[in-house]
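Inspection log for the structure reproduced underneath, given as structure tokens.
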Amino acid sequence: MLSELMLSNRTHSMVRVACFNASLEAGRLAGKKSQLNGDELSMALATPEHPLLKNTAAIIQAVRPDILLINEFDFAADYHRRIADFQRHYLSVPQCNKPPIEYPFSFTAPVNTGLATGFNVAADKNSRLANTYGHGAFAGHYGMLLLSRFPVIDGQVRTFQKFLWRDMPGNLLQSVRLPDGSAFYSDDAQQRLRLSSKSHWDIPLDINGETLHVLASHPTPPVFDGTERRNRARNHDEIRFWLDYLDPGSPHYHYDDCGQAGGFDGKRFVLLGDLNSSPDEGDSDKHAITRLLAHSAINSELLPVSDGGLQHSPNNPYAKSHTAIWRMRADYVLPSKCGIRPYQAGLFWPSAGQVDCELFADEQAVSDHRLVWIDLELTRS
């Protein structure tokens with residue numbers, strides 16, 4: 001959809017919420033560099049010239065979301081400086097003749113990727129599987145960042161980084177087995193492995209006196225494993241976490257990183273993230289994502305589409321809803337039925353000849369995902 005059309009159809013009462021796996025992670029930023037140390041994002045942000053960051057900022061400036069979840073923004077101890085540099089050197093600078101955009105509020109937190117477990121994850125002690133809670137070259141790799149025009153209600157934020165996989169009733173952890181029937185995971189891992197490959201966040205925002213919860217996550221890709229299909233099982237259960245969190249009839253087994261137990265106790269929400277799962281395509285266990293889209297609390301009627309996706313895969317019946325160049329709907333912006341009136345949704349993926357198509361000309365200077373957005377209005381019920 002063209003930038004002009006997105007802006008002209010938007011009213012002052014609407015809030016635009018978006019999700020973008022921007023691929024601002026060390027491996028992508030470093031190019032062919034083999035050894036990653038976790039400083040790659042800080043170094044790229046320190047100057048205003050990195051092509052991937054410039055294009056990312058241009059896309060954000062074109063769509064102009066009020067609330068934006070960025071997947072794959074590496075977390076580190078200097079996260080305050082990283083966020084400030086991203087704002088100062090990129091978002092606050094006109095990119096491709098687009099007006100700057102300011103986000104006075106943000107949220108980020110530690111993630112499980114690259115974080116050492118202190119125990120053998122695989123039962124086979126000769127396994128080459130890294131002993132980390134989630135795949136990553138260093139602690140904080142593939143992190144998440146929320147940017148917002150509205151303040152975060154800090155005392156009510158819930159994070160679930162440390163929630164144990166075993167504590168989800170009916171989990172698929174026990175199904176992860178080798179061809180001979182033995183457990184893939186070590187005894188330690190079965191007791192101590194965390195569910196989230198990154199984290200699960202419930203972030204309440206104050207929007208002119210009304211509360212909107214952002215439910216953010218980035219489940220592991222359901223591939224890059226073996227016959228045991230450990231990542232497929234984990235992706236399913238990471239998505240299922242939200243199903244149960246939102247279901248008032250489910251046993252609320254959830255506990256957050258502060259020890260607070262229970263599921264969702266708010267009114268309205270938007271569920272955001274690269275979920276790495278599609279009900280129609282790909283290698284995930286489609287049961288969880290299908291149930292999520294059909295959840296009684298979620299309004300999934302607005303399907304974001306793009307002309308660029310159709311042009312990219314003209315013979316694919318799902319092409320218009322693809323959110324990644326590898327041809328799948330992976331990224332979601334799902335509002336609650338309660339307290340929200342959705343108006344329009346879209347994918348920022350112009351086709352050749354449309355405004356801003358030049359932002360996607362160099363695949364090395366743009367993410368392999370596309371920004372997904374929705375315009376909504378908060379209502380009383």
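Only a single item in (1) within 30 Å of TRP373 (Cα to Cα); (2) outside any loop (DSSP other than H, G, I, E, B); (3) out of contact with any Ser or Thr (no Cβ under 9 Å at 6 or more places or on another chain) is not met by ARG166, and it is number (1).
Conditions (1) part of a helix (DSSP H, G or I); (2) within 19 Å of the chain's Cα centre (by Cα), marked per residue:
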residue	(1), (2)
GLY226	no, no
GLU238	yes, yes
SER250	no, no
GLY266	no, no
ASN276	no, yes
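Tell me, which helices (runs of 4 or more DSSP H) wholly within region 1-71 include 1 or more residues that are modelled with pLDDT under 95 and surrounded by 15 or more Cβ atoms within 10 Å (Cβ to Cβ)?
Here the list reads 3-8, 26-30.
Residue count for region 320-350 under the criterion of being in a loop (DSSP other than H, G, I, E, B) and among the hydrophobic types (A, V, I, L, M, F, W, C): the result is 6. Evaluated against (1) surrounded by 15 or more Cβ atoms within 10 Å (Cβ to Cβ); (2) within 18 Å of the chain's Cα centre (by Cα); (3) closer than 24 Å to HIS213 by Cβ, GLY282 falls short on exactly one condition, (3).
Of all residues in region 72-98, those that are crowded, with 24+ Cβ neighbours inside 10 Å and in a loop (DSSP other than H, G, I, E, B) total 2. When we screen HIS213, HIS200, HIS254 for residues that are surrounded by 14 or more Cβ atoms within 10 Å (Cβ to Cβ) and under 22 Å from PHE138 (Cα atoms), the only hit is HIS200. The sole residue among ALA324, ALA330 that is small (Gly, Ala, Ser) and under 22 Å from TRP242 (Cα atoms) is ALA330. Only one of the listed residues (VAL372, VAL355, VAL333) is β-branched (Val, Ile, Thr), at pLDDT 95 or above and either surrounded by fewer than 18 Cβ atoms within 10 Å (Cβ to Cβ) or touching a His at 6+ places or on another chain (Cβ under 7 Å) (or both). That residue is VAL355.
I'd like to know if region 147-156 contains one or more residues that are more than 20 Å from PHE20 (Cβ to Cβ) and surrounded by 21 or more Cβ atoms within 10 Å (Cβ to Cβ). Taking every residue of region 147-156 in turn, none turns out to be more than 20 Å from PHE20 (Cβ to Cβ) and surrounded by 21 or more Cβ atoms within 10 Å (Cβ to Cβ).
When the residues of region 322-360 are filtered to those that are more than 28 Å from GLY266 (Cβ to Cβ) and of a type in the set (S, T, N, Q), the one that is nearest to the chain's Cα centre (by Cα) is SER351.
At pLDDT 95 or above and of a type in the set (Lys, Arg): which single residue out of ARG81, ARG128 fits that description?
Answer to the check: ARG81.
The values are calculated or read from the model by the stated rules, or taken from the named source; none is laboratory data. Nothing here was measured: the structure is a model prediction, and the numbers come from that model. Positions of Cβ are generated from backbone atoms using ideal geometry, with glycine treated the same way; all protein chains shown enter the neighbour counts.
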